[in-house]
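The values are calculated or read from the model by the stated rules, or taken from the named source; none is laboratory data. From a predicted model like this one, the values you see are computed outputs, not experimental measurements. Here the Cβ positions follow ideal geometry from the backbone for every residue, glycine too, while neighbour counts run over all protein chains shown. In case anyone asks, the SASA skips ligands and DNA or RNA and just uses the protein heavy atoms, side chains included. Shrake-Rupley method; radii C 1.70, N 1.55, O 1.52, S 1.80 Å.
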Amino acid sequence: MIAQALANTAWQFGTITQSDGRLFAALTRAVERRLGAFIAQEIANTAWALGTLGTLGNHIHLSACLNNIV
């Protein structure tokens, strides 16, 4: 359930194209710690949100983790 909540939070901010640097830094750290629990849809939603907001490149470790999954 935590993975879904994290993905949903990222997705919701992506849909309103609203980004907060500190929030997304904390969010990506939480995602990185729990990435193994994410299902494909949650990974896709999180990557989409970060890409839509133009912040995926700011989170190099998470980007690398996502690249290894895909």
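Before moving on, here are some points about what is shown:
- Any pair with Cβ under 7 angstrom, 6 or more apart, that starts in the range 35-50 at a residue that is farther than 10 Å from ALA7 by Cα and free of Cβ contacts under 8 Å to residues at least 60 places away in the same chain and ends at one that is in a helix (DSSP H, G or I) and aliphatic (A, V, I, L, M): ALA37/ALA3; LEU50/ALA10; LEU50/LEU56
- Residue pairs meeting the criteria (Cβ under 8 Å; at least 6 apart or on separate chains; first in contact (Cβ under 8 Å) with a residue 40 or more places away in the chain, in the range 11-28; second part of a loop (DSSP other than H, G, I, E, B) and open to solvent by less than 60 Å² (accessible area, probe 1.4 Å)): PHE13/SER19; PHE13/LEU53
- Matching helices (runs of 4 or more DSSP H) fully within the chain where at least 2 residues are touching a helix residue (DSSP H, G or I) at 6+ places or on another chain (Cβ under 9 Å), at pLDDT 85 or above and open to solvent by less than 60 Å² (accessible area, probe 1.4 Å): 2-15, 21-34, 40-52
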